[in-house]
Amino acid sequence: MPGHTGEKHVLITGDALLERGQTAYDKTRNGGVVKPMTAFCDTPTAVRVVAEALNSPEGQAALGYLDGYGVSVGARVTIEARVQPFRARFVPHPQSKRTITIDGVLLLVESVWEGEQNYKIHIHTGFPIPAFSRGQPAWRDPLDRWH
């Protein structure tokens, strides 16, 4: 799984994730909030979870939106989906790392143009999430509206 997701959310070690958490914490000591850091434990799990999220009701609704008439190339949607539980690396704060079972994932997906009249999607990133932004699975359109 090359690219951003593979490098930042799959192939990263627990120690590197802990270091990323500390760096984020160091940058926000003046009152900022550091969200927990997460990563997939392996590539097969990441591939399964991303596929499940795209095929979830929220994923299908978001992809349908990107396929819709008048949606511009480069439009991005955020998908937060519930999937079959999986093991994930978890850094709740800069001094702690562990592996947990989790069932949420966030995907950032955008429409791209490839060839003549051929719209496709690009999965910009995907990572485990310990909680949903709206308390339940949902998707957000480019105008920042949750569905």
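What follows is calculated from the coordinates using simple rules that are stated; it is not laboratory data. For clarity, every value in this text was computed on a predicted model and none was experimentally measured. As a convention, Cβ positions derive from the backbone with ideal geometry for all residues, glycine included, and neighbour counts pool all protein chains shown.
Per-residue counts of other Cβ atoms within 10 Å, averaged by peptide: what ranking do you get for 79-91, 97-109, highest first?
Taking the mean over residues of other Cβ atoms within 10 Å, the ranking is 79-91, 97-109.
Around Val77, under 9 Å between beta carbons, what's the net of Lys plus Arg minus Asp minus Glu among the other residues?
The answer is 0.
From the P(r) of region 82-147, could you give the percentage of C-alpha pairs in the tail past 21 Å?
41 percent
What distance in nm separates the two pseudo spin-label positions at Gln84 and Thr99, each 7 Å out from Cα along the beta-carbon direction?
1.8 nm
Using amide H atoms built in the peptide plane, which far-off residues or other-chain residues are under 5 Å from Ile129 H to H?
Result for Ile129 returns Gly104, Val105, Leu106.
Using a cut-off of 12 Å between beta-carbons, work out the net charge of the residues near Ile121 (Lys and Arg +1, Asp and Glu -1, Ile121 not included).
Counting the neighbours of Ile121, the net charge comes to -1.
Give me the net charge of Ile100's neighbourhood, meaning all other residues with Cβ under 14 Å from the Cβ of Ile100; Lys, Arg count +1, Asp, Glu -1.
+3
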